[in-house]
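What follows is a short report on a single structure.
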Amino acid sequence: MQFGRGGKPSAGAFFDSDFATIDTFLAQAVLHGLQGKNDCRVAIVTMTRPNLPVAGFVDAVERYYRGPAGNFAQVPPVGVRTEGAAGETPAGVTAPFEKKGPDGKPLHENKVRTVIDTGDPNTLFRNYLEAQNDQNAFFVLAGPATNLAAALQFRGMKELIAAKIRFLVMAGGAFEANAGPETHFKADVAAAKRVLAEWPTPVILAGAEIGAAFPFPGASIAKEFAANSPEHPVAELYREWKTAGYNAPSDALAAALYAARPKETYFKVSEAGTVTVHDDGRTSFVAAAGGKHQHLIVDASQRDKVVQAYVDLASAKPVLPQRFRPPVADKPADPLLNKPVKQPE
Amino acid sequence: MMTRKALPRRTFLRGMGSAAIALPFLDAMSPAFAATTKPPVRMAFFYVPNGMIMDSWNPSYEGKLGELPRTLKALEPYKEDILQLGNLTHNTGRALLDGAGDHGRCSGSYLTGIQVKKSLIDIKNGISFDQIVANEIGKQTRFPSLELGMEDARQAGDCDSGYACAYTNNLAWRSETQPLPPILDPRALFERMFGKGLPMTPEERLRQSKYRRSILDFVTEDTHKLEATLGPTDKRKLDEYLSSIREVERQIDRAEKDNSQIDPHMDKPYGIPADFAEHFRMMSNMMAIAFQADQTRIITFLMTREGSSRPYRELGIPDGHHPLTHHRNQEDLIEKVRQINAYHVQQFASFVEKMKSTKEADGSTLLDNCMLVYGAGLSDPNAHLHEDLPTIVVGKGGNYFKTGRRMIVRRETPMCNLFLTMMDRMGVPVEHFGDSTGKLEGLNLG
């Protein structure tokens, strides 16, 4: 996406996840909600496991927010890792495709039939990072660090990340005393270790305790989603996933929210230090000046504000991406046509 | 036992003045091994501008090619030799923070895989992959590579939103700053191929035209000497080959005569035919000869330049090509672009036919040993898209490509991955080129 005037656009968001828990799908919606408020632009969404039905759902969410492909922009493919286990397919990922509108046509279309309908995560990272202004993008990771660890070994990627990315926010780790192994770290300990050691920007972690403290209210599916985005595919998924009223842990949501609005007071942030991932997936943190890791800390006084933000942003009505071309009065002549291009009415 | 000394592969028929005609492969060049000598692999690129109407280019299926879509219809007789690729992408053609100028970028980066510098004066690109190959194997042929085209080779000026014309008017780049301008004039190409390797001086040209003599007349003595040493098969081959050169020469003479009748103010240098199909036929006939005689193994051909506003009056289309492609989904305009797309393919098909009907020393066809890439740097021209670029590879690249099918790769797969594979086939393996992420898998027969 290009902007004809007004300097830098809002920060580009790169979202990588295993899409194995409901909060990861909600986080994708929250990032698009933040885009609607001009707090970020969702550049690309990637998956750490080769599960095509889930990729089809994630792709449908992208299309729900981005609208039909138009001039100078396509809906980018979902990046899908082709190695490893496909894992579980959550009940409900096909539910939105069965829903029809008043005209009898499906409200959502599954455009991921085979792996060719997806992209290679590294290629997508590279291609979409190159389109960002320097220090004007962030990564959100809500799953095993597999894709990001692989990216660090991809030709030229570390330098590109250092140039373009401000920080990485990981939904990972567990920072309470005596916390056990954390799911995302445990799923790929080697990858988590590599990313924490080699990622060339600051890394902020949203631990399991953040997700547990401010759960996402399941009641919002029947209330806010029904009112604001009745056709939202994630609402369909949520209904099928758990019984009504289920409140979901929200560490992925916290990571997305903090990444796009780091100056807000939703959470406290630890001092700088070093996070260590142990072989069994447990986490430890040691404060140290100059350390490049920090982790979010629950601020109980912000509970309502945080939960309200989750609900409002995830259920917000889609705001279609703005056209990059300036209004017709500002449009320079196209030298090839030798006359101004008129914008459609 | 009688032994005969083999004729060297690089034998020329030479004559008075600057004439020097390279020969096709003859049995006499390797009598004992003629049947087993493996012909070299050649590659050529045919670039068409302003994207493609994709619904008439892409079949709706993957796998074995059935009835070809409308734009490719002229290639129907050769579909068993076609590999149609889907989803190849040139990310370096995209804006990537450089704003407008998709035409300048997409052609500039087409063979380099490098994001070109947006400038009118301080041009900067990368070395194109054909030239990397030419640098490695070019010494084996008379010309390391040939750069040809049909429209507008000017290098200076703004050809697209701040991109220098050097980016839209050249495909091959010898270095970051040195494009290789295409030869547009059939006469100039003829003189380069059958002369000293350079266009004739005005004096030489005058002398030759004064006597209306064929280039073959200058090498008569050498031809007779050679014929005396050849067997009947080689004699026939030589005769066919020299006849094809004579035919090209006649075409050029005819075009020059015709051009003298038309408006002298027309924007065409002397010798370039006004008729598009005629121009293409001459250039492509010489391309076939160049490959047949192993004068070069690498050709880049710019059918017309990116952003071209050439009208196609021969099709009853007086509108410029580029403005038409911004059709705003108006069906009447789309239809005209479809006709132009199909017309270009029709010309290309005549070249494919020639390549398929020309036999190599081992009984294979010239086409079997070629990789002819036909494609564009944009897909949907109205939207200026750089993904799913229209791309076909025609020919088996020396019994390598599994043709007769449509193969779709993952979305966003770099076009440079195809180039990496082609470099391998040309005997110049490299690990990385442009924005490649690895070789394109699944192309081969294995």
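Evaluate the following for B:Phe190: is it more than 15 Å from the chain's Cα centre (by Cα), crowded, with 18+ Cβ neighbours inside 10 Å, of a type in the set (Phe, Trp, Tyr) and not in a strand (DSSP E or B)?
On the way: more than 15 Å from the chain's Cα centre (by Cα): yes; crowded, with 18+ Cβ neighbours inside 10 Å: yes; of a type in the set (Phe, Trp, Tyr): yes; not in a strand (DSSP E or B): yes.
Yes: the conditions hold for B:Phe190.
From B:Lys336, B:Lys359, grab the single residue that is without any contact (Cβ under 8 Å) to a residue 40 or more places away in the chain and within 20 Å of B:Ser56 (Cα to Cα). Reasoning before the result, please.
Details: B:Lys359 fails: within 20 Å of B:Ser56 (Cα to Cα).
Testing whether each residue is without any contact (Cβ under 8 Å) to a residue 40 or more places away in the chain and within 20 Å of B:Ser56 (Cα to Cα) leaves just B:Lys336.
If you go through segment A:116-126 one residue at a time, do you hit one that is among the acidic types (Asp, Glu) and either within 14 Å of chain B (Cβ to nearest Cβ) or without any contact (Cβ under 8 Å) to a residue 40 or more places away in the chain (or both)? Walk me through how you get there before you give the answer.
Restricting attention to segment A:116-126, the residues satisfying the condition of being among the acidic types (Asp, Glu) are A:117, A:120.
Going one step further and asking which of them are either within 14 Å of chain B (Cβ to nearest Cβ) or without any contact (Cβ under 8 Å) to a residue 40 or more places away in the chain (or both), we end up with A:117, A:120.
Yes, some residue in segment A:116-126 is among the acidic types (Asp, Glu) and either within 14 Å of chain B (Cβ to nearest Cβ) or without any contact (Cβ under 8 Å) to a residue 40 or more places away in the chain (or both).
Among A:Lys158, A:Lys164, which is surrounded by fewer than 17 Cβ atoms within 10 Å (Cβ to Cβ), at negative phi and not aromatic (Phe, Trp, Tyr)? Step through it out loud before you land on a result.
Values: A:Lys164 fails: surrounded by fewer than 17 Cβ atoms within 10 Å (Cβ to Cβ).
Criteria check complete, one pass: A:Lys158.
Does segment B:87-123 hold any residues that are more than 10 Å from every other protein chain (Cβ to nearest Cβ), more than 29 Å from B:Ser350 (Cα to Cα) and buried (at least 24 other Cβ atoms within 10 Å of the Cβ), and which are they?
B:Gly93, B:Arg105, B:Gly113, B:Val116
Within segment A:233-261, count every residue that is in a loop (DSSP other than H, G, I, E, B) and within 18 Å of A:Gly207 (Cα to Cα).
Taking segment A:233-261 as the starting set, the residues that turn out to be in a loop (DSSP other than H, G, I, E, B) are A:242-247, A:249-250, A:261.
Subsequent filtering for residues that are within 18 Å of A:Gly207 (Cα to Cα) retains A:247, A:249-250, A:261.
Of the residues in segment A:233-261, 4 are in a loop (DSSP other than H, G, I, E, B) and within 18 Å of A:Gly207 (Cα to Cα).
Determine whether A:Asp117 is modelled with pLDDT under 95 and not aromatic (Phe, Trp, Tyr).
Working: modelled with pLDDT under 95: no; not aromatic (Phe, Trp, Tyr): yes.
So A:Asp117 fails the test.
Is it true that B:Pro264 is modelled with pLDDT under 90, in a loop (DSSP other than H, G, I, E, B), over 19 Å from B:Gly195 (Cα atoms) and touching an Asp or Glu at 6+ places or on another chain (Cβ under 7 Å)? Show your work before the answer.
Details: modelled with pLDDT under 90: yes; in a loop (DSSP other than H, G, I, E, B): yes; over 19 Å from B:Gly195 (Cα atoms): yes; touching an Asp or Glu at 6+ places or on another chain (Cβ under 7 Å): no.
Answer is no for this residue.
I'm checking my understanding of the structure. Among residues of segment B:383-438 that are of a type in the set (S, T, N, Q) and within 20 Å of B:Leu72 (Cβ to Cβ), which one is surrounded by the fewest Cβ atoms within 10 Å (Cβ to Cβ)? It would help to see each step written out before you state the result.
Let us first name the residues in segment B:383-438 that are of a type in the set (S, T, N, Q), namely B:391, B:399, B:403, B:413, B:417, B:421, B:436-437.
Cutting the leftovers down to within 20 Å of B:Leu72 (Cβ to Cβ) gives us B:391, B:403.
Working: B:Thr391: 20, B:Thr403: 24.
Residue satisfying both the conditions and the ranking: B:Thr391.
I'd like the full set of residues that are among the small types (Gly, Ala, Ser), under 30 Å from A:His293 (Cβ atoms) and surrounded by fewer than 19 Cβ atoms within 10 Å (Cβ to Cβ), limited to segment A:202-254.
Applying the first criterion (among the small types (Gly, Ala, Ser)) to segment A:202-254 yields A:206-208, A:211-213, A:218-220, A:222, A:226-227, A:229, A:235, A:244-245, A:248, A:250, A:252, A:254.
Now drop any that are not under 30 Å from A:His293 (Cβ atoms), which leaves A:206-208, A:211-213, A:248, A:250, A:252, A:254.
Once the filter is applied, which keeps residues that are among the small types (Gly, Ala, Ser), under 30 Å from A:His293 (Cβ atoms) and surrounded by fewer than 19 Cβ atoms within 10 Å (Cβ to Cβ), segment A:202-254 yields only A:Ala212.
So which residues in segment B:20-55 are modelled with pLDDT under 80 and in contact with a Phe, Trp or Tyr (Cβ under 9 Å, 6 or more places away or on another chain)? Steps first, answer last, please.
We begin by selecting, within segment B:20-55, every residue modelled with pLDDT under 80; these are B:30-37.
Within segment B:20-55, B:Ala34, B:Thr37 meet the criteria.
If you go through segment A:128-162, how many residues are in contact (Cβ under 8 Å) with a residue 60 or more places away in the chain, within 14 Å of chain B (Cβ to nearest Cβ) and within 19 Å of A:Ser17 (Cβ to Cβ)?
Within segment A:128-162, residues that are in contact (Cβ under 8 Å) with a residue 60 or more places away in the chain, within 14 Å of chain B (Cβ to nearest Cβ) and within 19 Å of A:Ser17 (Cβ to Cβ) number 4.
Among the residues that make up segment A:82-96, is at least one of them exposed (fewer than 15 other Cβ atoms within 10 Å of the Cβ), out of contact with any helix residue (DSSP H, G or I) (no Cβ under 6 Å at 6 or more places or on another chain), free of Cβ contacts under 8 Å to residues at least 40 places away in the same chain and within 11 Å of another protein chain (Cβ to nearest Cβ)?
Yes, segment A:82-96 contains at least one residue that is exposed (fewer than 15 other Cβ atoms within 10 Å of the Cβ), out of contact with any helix residue (DSSP H, G or I) (no Cβ under 6 Å at 6 or more places or on another chain), free of Cβ contacts under 8 Å to residues at least 40 places away in the same chain and within 11 Å of another protein chain (Cβ to nearest Cβ).
Here is a check on your reading of the model: is A:Gly56 part of a helix (DSSP H, G or I) and either among the small types (Gly, Ala, Ser) or at the interface with chain B (Cβ under 10 Å from one of its Cβ atoms) (or both)? Step through it out loud before you land on a result.
Values: part of a helix (DSSP H, G or I): yes; either among the small types (Gly, Ala, Ser) or at the interface with chain B (Cβ under 10 Å from one of its Cβ atoms) (or both): yes.
Answer is yes for this residue.
What are the residues in segment B:99-109 that are part of a loop (DSSP other than H, G, I, E, B) and not aliphatic (A, V, I, L, M), if any?
Of the residues in segment B:99-109, the ones part of a loop (DSSP other than H, G, I, E, B) are B:99-101, B:109.
Residues satisfying the conditions are B:Gly99, B:Gly101, B:Ser109.
Has segment B:79-86 got any residue that is within 11 Å of chain A (Cβ to nearest Cβ) and either modelled with pLDDT of 95 or more or in a helix (DSSP H, G or I) (or both)?
Going residue by residue through segment B:79-86, those that are within 11 Å of chain A (Cβ to nearest Cβ) are B:86.
Imposing the further condition that a residue be either modelled with pLDDT of 95 or more or in a helix (DSSP H, G or I) (or both) reduces the set to B:86.
The answer is yes; a qualifying residue exists.
Please work out which residue is nearest to B:Gly375 (Cα to Cα), limiting yourself to segment B:110-163 and to residues that are of a type in the set (A, V, I, L, M) and outside any loop (DSSP other than H, G, I, E, B). Steps first, please.
Narrowing segment B:110-163 to residues of a type in the set (A, V, I, L, M): B:111, B:114, B:116, B:120-121, B:123, B:127, B:132-134, B:137, B:146, B:148, B:150, B:153, B:156.
Within this subset, residues satisfying the condition of being outside any loop (DSSP other than H, G, I, E, B) are B:132-134, B:137, B:146, B:148.
On the way: B:Ile132: 20, B:Val133: 20, B:Ala134: 21, B:Ile137: 24, B:Leu146: 18, B:Leu148: 16 Å.
Within segment B:110-163, the match that is nearest to B:Gly375 (Cα to Cα) is B:Leu148.
Within segment B:364-409, how many residues are facing chain A (nearest Cβ under 10 Å) and assigned to a loop (DSSP other than H, G, I, E, B)? Outline the logic, then answer.
The first filter runs over segment B:364-409 and keeps only residues facing chain A (nearest Cβ under 10 Å), leaving B:379-380, B:382-388, B:407-409.
Right, trim to assigned to a loop (DSSP other than H, G, I, E, B) and you get B:379-380, B:382-388.
The total comes to 9.
Any residue at all in segment A:105-113 that is in contact (Cβ under 8 Å) with a residue 60 or more places away in the chain and either away from chain B (no Cβ under 14 Å) or farther than 20 Å from B:Arg411 by Cβ (or both)?
Within segment A:105-113, one or more residues are in contact (Cβ under 8 Å) with a residue 60 or more places away in the chain and either away from chain B (no Cβ under 14 Å) or farther than 20 Å from B:Arg411 by Cβ (or both).
If I ask for residues that are in contact with a Pro (Cβ under 8 Å, 6 or more places away or on another chain) and over 30 Å from B:Leu366 (Cα atoms), which ones from segment B:289-311 would you list?
Within segment B:289-311, B:Gly307, B:Ser308, B:Ser309, B:Pro311 meet the criteria.
Does A:Val277 satisfy being more than 22 Å from the chain's Cα centre (by Cα) and touching a residue at least 12 places away in the same chain (Cβ under 8 Å)?
Working: more than 22 Å from the chain's Cα centre (by Cα): yes; touching a residue at least 12 places away in the same chain (Cβ under 8 Å): yes.
In short, yes.
Matching residues to (1) among the β-branched types (Val, Ile, Thr); (2) within 14 Å of another protein chain (Cβ to nearest Cβ); (3) part of a helix (DSSP H, G or I):
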position	(1), (2), (3)
B:Arg411	no, yes, no
B:Asn417	no, yes, yes
B:Met423	no, no, yes
B:Pro429	no, no, no
B:Phe433	no, yes, no
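Among the residues that make up segment B:296-314, is at least one of them among the hydroxyl-bearing types (Ser, Thr, Tyr), within 30 Å of B:Val428 (Cα to Cα) and away from every other protein chain (no Cβ under 14 Å)? Give the derivation first.
From segment B:296-314, those among the hydroxyl-bearing types (Ser, Thr, Tyr) are B:296, B:300, B:304, B:308-309, B:312; that's our starting set.
Retained after the next criterion (residues that are within 30 Å of B:Val428 (Cα to Cα)): B:296, B:300, B:304.
Still in the running and away from every other protein chain (no Cβ under 14 Å): B:296, B:300.
Yes, segment B:296-314 contains at least one residue that is among the hydroxyl-bearing types (Ser, Thr, Tyr), within 30 Å of B:Val428 (Cα to Cα) and away from every other protein chain (no Cβ under 14 Å).
The values are calculated or read from the model by the stated rules, or taken from the named source; none is laboratory data. Because the structure is predicted, anything quoted here is derived from the model rather than measured. Note: ideal-geometry Cβ built from the backbone for every residue, glycine included; neighbour counts use all protein chains shown.
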